[in-house]
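Beneath this line is the structure, given in structure tokens, with notes to follow.
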Amino acid sequence: MTDEDLSAIRGWLQQSHVREWWGDPDVQLALIDGDRDDPAMDQYIMLLNDEAAGYLQCYTLTAWNAGFGPQPDGTRGIDLFIAGEEHLGRGLGPLAIRTFCGLMFQRGVPRIVTDPSPANARAISAYEKAGFRRDRLVETPDGPALLMSCEPGDLPHRQSEPS
């Protein structure tokens, strides 16, 4: 992610399917922008056929994630959203998650966790299709969340393309 991506992210955060789960676009943009200098956070723009199609952040677990409980050393967390309603329901989310996790596992990351809202059925389904397992409900500074985790052996072998 670069400085030039911030205007696209600003627009994506205002889309109803993103705003529903990420919250106030101005607050989220400030957090995303502020995280660019955080060594615990890596940020990416997801591409589909060279077109920007979403945002993904991958982070080292910190005190903010204490509610996740003990995790193996090197565990990373991820969050993402798909940009543009035209990309929804096509399998892009599971494909992006599976591909990204595969790259992280090749680099030696032992586990990846995520914490969607328990009410966010679309996100939970995407993570499950990508190989994540439901762990338990946890409390986060943003409220209740469903802790989900994935380890190298959990990834599905098929790498289907989005429709």
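The values are calculated or read from the model by the stated rules, or taken from the named source; none is laboratory data. None of the values given here were measured: they were computed from a predicted structure. Counting neighbours? That spans all protein chains shown, and the Cβs are built from the backbone with ideal geometry, glycine included.
Got a number for residues in the range 43-73 being more than 21 Å from Ile32 (Cα to Cα) and either at pLDDT 95 or above or of a type in the set (Asp, Glu) (or both)? Write out each step before concluding.
Let us first name the residues in the range 43-73 that are more than 21 Å from Ile32 (Cα to Cα), namely 48-50, 67-73.
Subsequent filtering for residues that are either at pLDDT 95 or above or of a type in the set (Asp, Glu) (or both) retains 50, 73.
Here the count works out to 2.
If we only count strands (runs of 3 or more DSSP E) wholly inside the range 44-163, which ones have 2 or more residues that are within 21 Å of Trp12 (Cα to Cα)?
On the way: elements: 51-60, 76-82, 112-114, 133-140, 143-150.
It comes to 51-60, 76-82.
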Residue among Arg10, Arg36, Arg90 that is more than 23 Å from Gly143 (Cα to Cα) and touching a residue at least 40 places away in the same chain (Cβ under 8 Å): Arg90
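Mind listing whichever residues of the range 33-52 are among the aliphatic types (A, V, I, L, M), surrounded by 15 or more Cβ atoms within 10 Å (Cβ to Cβ) and more than 13 Å from the chain's Cα centre (by Cα)?
Scanning the range 33-52 gives Leu48, Ala52.
When the residues of the range 139-163 are narrowed to those that are more than 16 Å from the chain's Cα centre (by Cα) and either basic (Lys, Arg) or closer than 30 Å to Val27 by Cα (or both), which ends up modelled with the lowest pLDDT?
The qualifying residue modelled with the lowest pLDDT is Arg158.
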Which one of the conditions (1) among the aromatic types (Phe, Trp, Tyr); (2) surrounded by 15 or more Cβ atoms within 10 Å (Cβ to Cβ); (3) closer than 23 Å to Glu20 by Cα does Trp64 fail to meet, given that it meets all the rest? (2)
Are any of the residues in the range 103-122 at pLDDT 95 or above, loosely packed, with under 15 Cβ neighbours inside 10 Å and in contact with a Pro (Cβ under 8 Å, 6 or more places away or on another chain)? yes
